[in-house]
Each structure stands twice: as structure tokens, then as C-alpha cells.
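Right, one structure below, let's go through it.
The values are calculated or read from the model by the stated rules, or taken from the named source; none is laboratory data. This one's a predicted model, so the numbers in the text were calculated from it and none came from an experiment. Cβ placement follows ideal geometry from the backbone for every residue including glycine, while neighbour counts extend to all protein chains displayed.
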Amino acid sequence: MLVQALKDQGVDTVFGYPGGAVLPIYDEIFQQNDIRHVLVRHEQGAVHAAEGYARSTGKPGVVLVTSGPGATNAVTGLTDALLDSIPIVCFTGQVPTFMIGTDGFQEADTVGITRPCTKHNWLVKDTDDLAEVIHQAFHVATTGRPGPTLVDIPKDVQFATGTYTPPAKSRTDHYKPVMKGDADLITELVTLMEKAERPLFYTGGGVVNSGPGASQLLRELVDATGFPITSTLMGLGSYPASGKNWLGMLGMHGLYEANMAMHDCDLMITVGARFDDRITGRTDAFSPGSTKVQIDIDASSINKIIRVDLPIIGDVGHVLEDALRIWKSRGRKTNPEALANWWDQINKWKEVDCLAFTNSDRVIKPQYALQRLEALTKDKDRYITTDVGQHQMWAAQYIHFEEPNRWMTSGGLGTMGYGLPASNGVQMAHPDALVINVAGDASFMMNIQEISTAVQFRLPVKQFILNNERLGMVRQWQQLLHGERYSHSWTESLPNFVQLAEAFGCKGRTVKDPAELDDAIEEMIAYDGPFLLEVLVEKHENCFPMIPSGEPHNKMLMSDAAATDAIQGDGQVMV
Amino acid sequence: MATLNIKKGSSSKSAYDLRDPNIEAVERHTLAVVVDNEAGVLARVIGLFAGRGYNIDSLTVAEVDHTGHRSRITIVTSGTPQVIDQIKAQLGRIVPVHEVHDLTVESESVERELALFKVEGQGEKRVEALRMADIYRANVVDSTLESFIFEITGSTAKIDAFADLMRPLGLAELARTGVAALARGKVD
């Protein structure tokens, strides 16, 4: 019945790991050919792979794991999907209904444990309810602000036969988030846009989640108005990096011009972004002179951290469409003189060239490695995933995205070990594309077992590891904040990554000479199969620009700044 | 800012209100939350308050529509206006939550709480307790030679006041239901 429901939902790929409490489902999977099952090596990897699949396709990712440890291992992935609003439907096995509550073998209170880390979850106690709950789980995961859902299915419910309810007959009507924004409020937004002297679009992952149409509308609106645009980590690609109005990413490691524009703008048009603390810096000094407009499908994102003046609740795509239509019908007005002055100011900030770094011909700088990766892959059908840390921020700074759904990273939760399994999931969805995971040595070790999945399913994923033998971001913070006492932020016994890759049946190469870097990247791209490229980089490079904790946007540390003792007072308690 | 003309207070168009942001005083609000009566729904609501650090001053829950499987949860909570708005928005995100009403803001409402008081004593104190109970329109629902159980219904403040009176007169145990509340007038 589960397999039938998945087929009816259009599912073609499931990421999972079998175990005692899901054996009846695996038996059904064995006897069909419509749904591919990808055997991961750890349940956390299953959820991250499904996230990669979902984020790169716009379709929900499906996970199937067993009870107890299978479910608890999935928790990190589910939380990651919740914070980044990724649609995931996770099926967990459970001990038979008559054993629930007896501390049975591999029993865990899965719905209890996952209640705060899913959008919604269900325990199905009757086979007759199973199909309808599955259809509801897909509906909830993909409707409104997307997120993970979980269906816990006891083994006796799996064995029993029941009546199948098709999707069309399942009750999903009561969960109906508002899609259309209020027309009066959108008109208000347009009048603000007409008068604004220093407007700025601040966009986020909500644009990507709203679908390709939303990105298209955003591009049209931005280009027609001539307003500058910046984006969060999660929103990269919804406006092309080559677009003339693009300022680059904002936030803690965002670009100088983007953060300065945020601080000094007089109209902030927030589109599908949620004022995360990595974005705002010090909240009481956040963009002090601006009228703030926020378009979001989730009412709880409004006034959570930053008080906005004009909230518009609705789907980003719908609201942008209405805004564009109303703006055009009112005569396509802007304030061109003020806008020209604003761009003059922005161009002055751009001259600072905040991403400049001192290159070397002896050792590979991580920034240089990413610049070369960008240069050699930008014209390809390319998807990038990352782990979490310095390499993630450098990737966001130096790799440029022209389209949405091309950039998979763990933003909200910051889950080290996300990148490798996510790259597997992306490659499953796009078998012919070039899928690269930009990783750090420490993050890569966290889900390293998933190379085995890549090898088994012949996924030609490219692992681009910036190895500095450090927990680079932790080390950077210890340097800036903890008196250069580098407590446990280096790894003394790293494996030989090339031998490790070969042990898994994957090809590997190490490069440490800047002169050989291009050749190594070319070899990685050309290789027909999974490839691990270990780039030995400068060990003590810091990631700049940086807004230190507890500081506003206009107080950024730049690469040549004296970084010691940069964070003081209240900022020290921030993470 | 001057160009903005946004209606103050909650409306059907917005799930939150835009009161003066400078008011950071803690307010007490009574929320009525209509939910599907399904397994775990109370845990979702309470977990939300615990997980996000909101206060629960009082909580009452019971099924109110058996055929429709609906329960009504009445929560008395306190927080700054921004926190109260967040609580309402976060409650609204929970899938089995159908309606969230802020009875403190939306309209006048009637709030009642029921309490049972066990008062032990003899002689003059016992007589005085009975006299006070009469003044407060509390009913005697159980009686022994050494104790009474009073049943009293009213606002939280009235029950607090009665408890203060009973304490020196031998209050031994107290059970309260928490607040149940309804908006006055016709349903919109």
C-alpha cells in the first residue's frame, strides 16, 4: 500500500536503510521496478540525500528508515530540513502496535522525538488510514512553507491489508496556507517603491522554494525597477550572479557592498527571507533608517526578530506577480535621480573589493582554489553542495550561481556532514550533471561512509575537499575571540584521503602546488565516476569579510584588518 | 515611515497586529485555540511553549465537538506584544490547529475558572470559613466534622481572593481548572 501511495504521489526515488521494523515495506520494494531505492550507509545520510534531491528538483525527497536507531539517526537531517524549509517525507518503521510502550527491541517514541523537528508527523495505527495519512504527509510537506513530515508505521500495520484511499479522495483541505497577498498591502509596497531613494531587495530561500516562476518574476521586477538586490545564503541563484543589479550575498560573511547597502537603505523589500541572526548582526542597530517590507508565506516569520513596517503574507511568487502588475499599471514609476545617487554610493563600496586576498605561488589559498573551480566549471550543467564552515562561506562568495536550485547547503542548522550525502541525492536526480561537493576535511569526515553509496550507485559525484587540517571556522573564532587558544580545533590523525577514496573504490588525487591545481580540477571533471580531490590549502587563512558577533552591518572586519580582539562585550556570548 | 497607513490592531487581513513597538511591557492574554482532537495535539501545543520559551499561566483543554473531533484549548499566557504575536503565529502554524483567537484583543470576553477548596478546621474558624464561602457564593460539596470542600466559580482574581481568605482559616488543598473563556456576543 505504501508503494502504491508513493507511485500515486509521483515518487521515483527513495533514500533508505532497511531494518526489522520496515521489512514488509522492503519486501514490497523488492517486488517492483517503478521506484528506485538508494541504499545509504547511515540514516542521516538518507535525509541529507533526500534534501539534495528535493532542493535540486523542487520535488519532495522521500526517506525510508527503520524504527529506533533508524529514526533517531534521521533526526539531524529532519531538523536540517525544517530549518531550511526543504520538503521531505520520512517513513519510519515502528514496533507492532501491541508492543508500543513496552520498551521493545528497537523501539523509540519516534513521533515524540520528531515532533519539534518536523512540520507535522503521524503514527498510523490502522492500515485503513495509512494511504490517506501518506497523501496528507506529502500535502503538508509541499504546501505553504515546505518542511519535513514523518509517518511512523508499526510493523503489524504494514503486514495487514486495508482499504486504499487514492490521493484525490484524501482529506487535505484543512491545511491551506494563504497564497495570495493582500492587494491593498501590495499596492502600499508599490507606492513605497515609487518614492524610494535607496531601495534594496533582500531575498532568501523562500524565492527558491516558491518555484522557478518566482525567480523569473523577481528577475523581471529587479531589472525593470533597477533596484539593487542581495540575497541570503539560501537564496543564491534566484537572481543571477551575472545580473547587473546583483550585490552578492549579505550577512556575517557577506559582501561589503551588500551589507553596507542593507545598513543604509531607506526601503528594504524582504522576499522570502527571515532575518536570521547570521544576516542581521546586532538587531538594535540593524538597518536603522529603512522602511521594512516583508513578503513571507509564514506569518510567524513576521516580527520574529526584526519589526517590519509592511508585512505581506502570501506566496512569494503570487505576491511578486501582483506587485509587478500593479507597478506596471501605475506607470512603472521609480525615483531615477535618487536611484542614480544610490548606485553611485554602491559602486564606491564595490571598489573596496572586499573579496580580494593575497595569493601565493607556494601554497594554494582556499579562495584561489574556489576561484579556479568556478572558472573551470561555470559553463557546465553544474550543481554545488557544501558542508559547513569556512569552505562553505568561501564557496558562497567565489562561486556564482545563475539559476535557482543549483546550490545545496545547510544554512539554518549548519550541519557538518551535509555535503557528501546531499551530492549523492542531487546526482540521483540529475544523472548527467556535474555535481560537486565543496567540503572541508573535518566536515567531510562526518558522513564519509556515504562514498560507499556513491560507488555502489555509480554516482559520479566530485568531492572537492579543502584540507587545512583544522576546524577552520572554529579556529578562526578562537583566534578572534578566545585569545588564540586553539582548543581542539585541529585534527592530528587525518586519514590519507586518496588511499581512503581508493579503499572505497573511488578515485582520488591530492594537490598542493598552485601550478597543478587547474590540471587536478580538470582531471576531476573529466573522470567518469566518483572522484575525491584533496586540495591542501593554507592552514591559517581566515574568512573575510566578517561581521563580528554583536556588531552591526557597517562594522565589518576586512581581510587586511587587524583581527585580534575584534569581538568584545555582549558579542562574546553570541555564537 | 510617514507614507505608511496601516490599520492598527488585528484584522481579518492580518494574523498579527502592529501596536506601538516601543511598548515592551508584559501583557497577559487569553488565547482560545480550536484543534483537531487527535493524538499528540496537546503535546504539540505545550511543546511549542516549552521549546520557544513562552509562558503558560493557565491551560484548559477538553473536547467540545465530539462529532467534529474538535477540542478547545484555552491558554492564559504573558509576554511582550511582540512575543504574544509570535505565540499566535506559531500556534497558527501547527497543522491540526484550526483557529487561534486572542480573546484579550479581539473583543470583550467572559472568563471563568472553577476551583475546589478543602478547608480543615474546628470551632470559630470553621464557622467563619462557611460564612465567607456564603459571601463568595461558594457551594459546599463535601463535609465532614473537621473539613469542607467548597466549589467556587469565577474569575481568576476572585478565586485568588478567596484563597487568600481561606488560608488562615485552614486551607489544606486547592484544585483549580484553569481559565475557560468565550468572546461575548454573537459568533462572527
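Residue count for region A:418-434 under the criterion of being part of a helix (DSSP H, G or I) and either of a type outside the set (A, V, I, L, M, F, W, C) or crowded, with 24+ Cβ neighbours inside 10 Å (or both): the result is 10. State all residues of region A:264-286 that are at pLDDT below 95 and of a type in the set (Gly, Ala, Ser); if no residue qualifies, say none. Listed by number, the residues that qualify are A:Gly281, A:Ala285. Here A:Phe544, A:Phe504 are screened, and the one residue that is farther than 28 Å from A:Thr230 by Cβ, in contact with a strand residue (DSSP E or B) (Cβ under 9 Å, 6 or more places away or on another chain) and of a type outside the set (A, V, I, L, M) is A:Phe504. Residue selection: A:Asp103 fails the criterion of being part of a helix (DSSP H, G or I), away from every other protein chain (no Cβ under 14 Å) and farther than 30 Å from A:Val208 by Cβ. Being touching a residue at least 40 places away in the same chain (Cβ under 8 Å), among the β-branched types (Val, Ile, Thr) and surrounded by 20 or more Cβ atoms within 10 Å (Cβ to Cβ) is a property that A:Ile525 lacks. Looking only at residues in region B:81-107 that are of a type in the set (A, V, I, L, M, F, W, C) and assigned to a loop (DSSP other than H, G, I, E, B), the one that is farthest from the other protein chains (Cβ to nearest Cβ) is B:Ile94. Scanning region A:284-322 for residues that are of a type in the set (S, T, N, Q) and assigned to a loop (DSSP other than H, G, I, E, B) yields a count of 3. Which members of region A:173-216 meet the condition of being within 14 Å of chain B (Cβ to nearest Cβ) and small (Gly, Ala, Ser)? A:Gly181, A:Ala183, A:Ala196 - these are the residues of region A:173-216 that are within 14 Å of chain B (Cβ to nearest Cβ) and small (Gly, Ala, Ser).
Surrounded by 15 or more Cβ atoms within 10 Å (Cβ to Cβ) and touching a Pro at 6+ places or on another chain (Cβ under 6 Å) - does that describe any residue in region B:22-35? Yes, that holds for at least one residue. Of the residues contained in region A:474-493, one or more are found to be within 27 Å of the chain's Cα centre (by Cα), part of a helix (DSSP H, G or I) and aromatic (Phe, Trp, Tyr). Considering the conditions (1) within 14 Å of another protein chain (Cβ to nearest Cβ); (2) crowded, with 16+ Cβ neighbours inside 10 Å, A:Gly112 is excluded by exactly one of them, (2). Only one entry of A:Gly417, A:Gly425 meets the criterion of being on the phi < 0 side of the Ramachandran plot, touching a helix residue (DSSP H, G or I) at 6+ places or on another chain (Cβ under 7 Å) and modelled with pLDDT of 95 or more, and that entry is A:Gly425.
Considered as a group, the residues in region B:36-45 that are modelled with pLDDT of 95 or more and in contact with a helix residue (DSSP H, G or I) (Cβ under 9 Å, 6 or more places away or on another chain) include one that is surrounded by the fewest Cβ atoms within 10 Å (Cβ to Cβ), and that residue is B:Ala43.
Exactly one residue out of A:Leu130, A:Leu78, A:Leu123 is within 14 Å of chain B (Cβ to nearest Cβ) and either touching a residue at least 60 places away in the same chain (Cβ under 8 Å) or under 20 Å from B:Arg44 (Cα atoms) (or both): that is A:Leu123. Scanning region B:32-80 for residues that are touching a His at 6+ places or on another chain (Cβ under 9 Å), more than 14 Å from chain A (Cβ to nearest Cβ) and not small (Gly, Ala, Ser) yields B:Val33, B:Glu63, B:Ile75, B:Val76, B:Thr77.
Suppose we keep only residues that are touching a residue at least 24 places away in the same chain (Cβ under 8 Å) and within 9 Å of another protein chain (Cβ to nearest Cβ) within region A:284-307. Which one would you say is surrounded by the most Cβ atoms within 10 Å (Cβ to Cβ)? Here the answer is A:Ser301.
Scanning region A:533-561 for residues that are part of a loop (DSSP other than H, G, I, E, B) and of a type in the set (A, V, I, L, M, F, W, C) yields a total of 6. Can you name the residue in region A:263-283 that is surrounded by 22 or more Cβ atoms within 10 Å (Cβ to Cβ) and under 20 Å from A:Pro404 (Cβ atoms) and is also farthest from the chain's Cα centre (by Cα) among such residues? Taking the candidates together, the pick is A:Ile269. Please enumerate the residues belonging to region A:180-208 that are surrounded by fewer than 22 Cβ atoms within 10 Å (Cβ to Cβ) and touching an Asp or Glu at 6+ places or on another chain (Cβ under 8 Å). Answer for region A:180-208, where residues must be surrounded by fewer than 22 Cβ atoms within 10 Å (Cβ to Cβ) and touching an Asp or Glu at 6+ places or on another chain (Cβ under 8 Å): A:Lys180, A:Ala183, A:Glu197.
Go through the residues of region A:386-393 one by one and say whether even a single one is within 14 Å of chain B (Cβ to nearest Cβ), surrounded by 19 or more Cβ atoms within 10 Å (Cβ to Cβ), among the acidic types (Asp, Glu) and part of a loop (DSSP other than H, G, I, E, B).
No.
Go through the residues of region A:250-258 one by one and say whether even a single one is over 24 Å from A:Ser559 (Cα atoms) and touching a helix residue (DSSP H, G or I) at 6+ places or on another chain (Cβ under 8 Å). No, because not a single residue in region A:250-258 is over 24 Å from A:Ser559 (Cα atoms) and touching a helix residue (DSSP H, G or I) at 6+ places or on another chain (Cβ under 8 Å). Looking across region A:267-283, just one residue is farther than 22 Å from A:Leu236 by Cβ, within 14 Å of chain B (Cβ to nearest Cβ) and either among the aliphatic types (A, V, I, L, M) or not in a helix (DSSP H, G or I) (or both), and that is A:Leu267. The residues on offer are A:Thr118, A:Thr149, A:Thr142, A:Thr163, and the sole one that is in contact with a helix residue (DSSP H, G or I) (Cβ under 7 Å, 6 or more places away or on another chain), away from chain B (no Cβ under 11 Å) and either surrounded by fewer than 23 Cβ atoms within 10 Å (Cβ to Cβ) or closer than 22 Å to B:Ala89 by Cβ (or both) is A:Thr163.
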